[in-house]
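One structure is given below, encoded as structure tokens.
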Ligand SMILES: Cc1cc2nc3c(=O)[nH]c(=O)nc-3n(C[C@H](O)[C@H](O)[C@H](O)COP(=O)(O)OP(=O)(O)OC[C@H]3O[C@@H](n4cnc5c(N)ncnc54)[C@H](O)[C@@H]3O)c2cc1C
Ligand SMILES: Cc1cc2nc3c(=O)[nH]c(=O)nc-3n(C[C@H](O)[C@H](O)[C@H](O)COP(=O)(O)O)c2cc1C
Ligand code: FES
């Protein structure tokens, strides 16, 4: 593999900037049967909490135009089982492991982070932006004071790993939240999580998803995500990981130009499990054809 | 995987039968498996976005078939695929029907749920099992592939709600009359039919396997969008992914909504 795609975020080296997004790649191992995980830059694992969480009632997903709504409700096996059962299997692969985590209270965020900080993972990704659970989640990501507190308190107990804070797009001014997270000690930002949405079945006249609303993802949200990464890049100085509707290498380049230092691929994994690996290859070819030495040369280079 | 479409036959206003060439797929497919099919042929179109799940209806000499019913965007696009063009699909996914050397079995199907039962009927026939088919539909349009089934089934009972084809009524009626002779029952179709079939089977203490149909995004166990609730040995309710731990489940353990 060529060196043009190698990147470093907060001191962690990645062989390429393509990371699979939390919740769209299970615990990573689900995909091992279908693709070579060694070729991914990194994997962001499904959001982990202190205790096992069962998630929301069915139905939890619905397709919309060029996108999908989901209200999974952060179902996961809990941090202990993750570390004992899932992590050892994932560690067999040569790829960076980022663990997305969340809590219902600041204390829970702090406790999960403390446990994960001692485990064999590469980075932590704090999810303060899930729109699908009542307590915690999005509440922390849409109130700047709470964002500050949860990041600040959690950062205090993290001794060994960089902390990424994943922002919610469901706010009027994302710049504010980027700034607050940075001030509270975040080492990097990832943006964006899903946009709050809804779909109604006109036959039954009921919402398609039992939770009534869900998080919108896929190509439909890309312009919003690009705008937010662009605004964040102008406001903060820590690295930004771009997420939202990436389907091919062109989308990745667009995120880089807007200000990203790496990207995460989400819903596209459902459409084509090999997509992340294909994008790595396509990106290499693109850089070669443009005579660009390093992908990082593109960060924030949009001409306005 | 990619395969050449060698047939995309309109059976009637609602149903199509597509035949696809793929040695690789056929070598792996077992009765009960399904695959995720990309409905659109162009990579830059993202609507519909997700792949669609379909059961393996039949395999033969390097080809497999899917029987599909027109519902919305995805299946309408599929119906327009021209013979000779290529489409993309996953490898065979999910678990398979189980078989423990029962001598006589009943297949119970309705609508498009008949699809995986054809592949199963053929497999069982080749194991020298006596297979009976109970096939229920709303109207005569929902009764398909009977000639195919005749090759592998001893006895076929058809019911429709209007009675134009077969007996009038629902399929669990003729099933309940003969149920004692079966060592096992396999079912696929509308949820209510599967529930009624399972309840009959439980009542008569006959093992029953049903293939469920949940909305799927990934089809490979990652999104947790396709859950089914199943009772374990201790009677506790567990969450199972329809796409990985299913789509075939023990009908006696399912918690029906
Ligand atoms: C394991 C399994 C096997 C299946 N086998 C067959 C088969 O052999 N033949 C057949 O005709 N149909 C089968 N189905 C149902 C089939 O997947 C849906 O009818 C189809 O996805 C509808 O797509 P659409 O784009 O035409 O409809 P739309 O209404 O446009 O679909 C919208 C969204 O809902 C999903 N969806 C809608 N209805 C269903 C449904 N009933 N089940 C699952 N997802 C749904 C679609 O995948 C899509 O994401 C199977 C489903 C499952 C889960
Ligand atoms: C089914 C599903 C589950 C998700 N679960 C999580 C999660 O547990 N934690 C999280 O931070 N984001 C979660 N997300 C959000 C994605 O990581 C990503 O931010 C979002 O989908 C936008 O990217 P995309 O358009 O490429 O999918 C989930 C998304 C989907 C579709
Ligand atoms: S469809 Fe994604 S887990 Fe089953």
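The values are calculated or read from the model by the stated rules, or taken from the named source; none is laboratory data. The structure presented is a predicted model; accordingly, all values stated were derived computationally and were not measured. Here the Cβ positions follow ideal geometry from the backbone for every residue, glycine too, while neighbour counts run over all protein chains shown.
Couple of notes before you dig in:
- Residue check, residue B:51 surrounded by 15 or more Cβ atoms within 10 Å (Cβ to Cβ) and away from ligand 1 (no atom under 15 Å from the Cβ): no
- Close Cβ contacts (under 7 Å, 6 or more residues apart or on different chains) running from residues in the range A:258-273 that are within 14 Å of another protein chain (Cβ to nearest Cβ) to residues that are more than 13 Å from ligand 2 (Cβ to nearest atom) and assigned to a loop (DSSP other than H, G, I, E, B) comprise A:271/B:51; A:273/A:34; A:273/A:35.
- Strands (runs of 3 or more DSSP E) lying entirely in the range A:140-253 (those with 2 or more residues that are more than 17 Å from the chain's Cα centre (by Cα) and free of Cβ contacts under 8 Å to residues at least 60 places away in the same chain): none
- Reported count of residues in the range A:161-208, each being more than 16 Å from ligand 2 (Cβ to nearest atom), touching a helix residue (DSSP H, G or I) at 6+ places or on another chain (Cβ under 6 Å) and closer than 20 Å to residue A:122 by Cβ, is 2.
- Members of the range B:228-241 that are in contact with a strand residue (DSSP E or B) (Cβ under 8 Å, 6 or more places away or on another chain) and either more than 10 Å from chain A (Cβ to nearest Cβ) or surrounded by fewer than 24 Cβ atoms within 10 Å (Cβ to Cβ) (or both): B:228, B:229, B:230, B:231, B:232, B:237, B:238, B:239, B:240
- Pick from the range A:24-70, criterion within 16 Å of ligand 3 (Cβ to nearest atom) and in a helix (DSSP H, G or I), ranking: farthest from residue A:3 (Cα to Cα): A:30
- When B:124, B:133, B:107 are checked against the criterion of being in a helix (DSSP H, G or I) and in contact with a strand residue (DSSP E or B) (Cβ under 7 Å, 6 or more places away or on another chain), a single residue qualifies: B:124.
- Condition broken by residue B:89, with the remaining ones in (1) more than 15 Å from residue B:8 (Cα to Cα); (2) more than 7 Å from ligand 1 (Cβ to nearest atom); (3) surrounded by fewer than 15 Cβ atoms within 10 Å (Cβ to Cβ) satisfied: (3)
- The residues listed here are A:232, A:216, A:287; of these, the one that is closer than 26 Å to residue B:37 by Cβ and away from ligand 3 (no atom under 16 Å from the Cβ) is A:216.
- Spans of strands (runs of 3 or more DSSP E) in the range B:180-257 with at least 3 residues within 21 Å of residue B:110 (Cα to Cα) and more than 16 Å from ligand 3 (Cβ to nearest atom): B:184-188, B:208-211
- Some residue of the range B:194-211 being within 14 Å of chain A (Cβ to nearest Cβ), away from ligand 2 (no atom under 15 Å from the Cβ), under 30 Å from residue B:132 (Cβ atoms) and at pLDDT 95 or above: no
- Residue within the range B:2-17 that is touching a helix residue (DSSP H, G or I) at 6+ places or on another chain (Cβ under 8 Å) and within 14 Å of chain A (Cβ to nearest Cβ) present: no
- Within the range A:82-103, tally of residues that are farther than 22 Å from residue A:35 by Cα and either crowded, with 18+ Cβ neighbours inside 10 Å or within 14 Å of chain B (Cβ to nearest Cβ) (or both): 4
- Residue A:67 being modelled with pLDDT of 95 or more, within 14 Å of chain B (Cβ to nearest Cβ), touching a helix residue (DSSP H, G or I) at 6+ places or on another chain (Cβ under 8 Å) and crowded, with 20+ Cβ neighbours inside 10 Å: yes
- Scope the range A:145-160; condition modelled with pLDDT of 95 or more and out of contact with any helix residue (DSSP H, G or I) (no Cβ under 7 Å at 6 or more places or on another chain); matching residues: A:152, A:155, A:156
- Search result, residues across the range A:254-279 that are away from ligand 3 (no atom under 16 Å from the Cβ) and either surrounded by fewer than 21 Cβ atoms within 10 Å (Cβ to Cβ) or more than 11 Å from residue A:17 (Cβ to Cβ) (or both): A:254, A:257, A:258, A:259, A:274, A:277, A:278
- Number of the condition not met by residue A:52 [criteria: (1) away from chain B (no Cβ under 11 Å); (2) at negative phi]: (1)
- All positions within the range A:10-23 that are within 15 Å of residue A:90 (Cβ to Cβ) and in a loop (DSSP other than H, G, I, E, B): A:22
- Residue that is touching a strand residue (DSSP E or B) at 6+ places or on another chain (Cβ under 7 Å) and surrounded by fewer than 20 Cβ atoms within 10 Å (Cβ to Cβ), where the choices are B:181, B:151, B:164: B:181
- Of A:29, A:72, all but one fail to be within 30 Å of residue A:110 (Cβ to Cβ), at the interface with chain B (Cβ under 10 Å from one of its Cβ atoms), touching a residue at least 40 places away in the same chain (Cβ under 8 Å) and surrounded by fewer than 23 Cβ atoms within 10 Å (Cβ to Cβ); the exception is A:29.
- Residue that is nearest to the other protein chains (Cβ to nearest Cβ), among those in the range B:32-63 that are farther than 28 Å from residue A:269 by Cβ and assigned to a loop (DSSP other than H, G, I, E, B): B:62
- Put simply, of B:100, B:95 the only residue that is away from ligand 1 (no atom under 12 Å from the Cβ), under 30 Å from residue B:206 (Cα atoms) and in a loop (DSSP other than H, G, I, E, B) is B:100.
- Selection status of residue A:166, buried (at least 20 other Cβ atoms within 10 Å of the Cβ), away from every other protein chain (no Cβ under 14 Å) and modelled with pLDDT of 95 or more: yes
- From the options B:244, B:248, B:158, residue that is away from ligand 1 (no atom under 16 Å from the Cβ) and at pLDDT 95 or above: B:158
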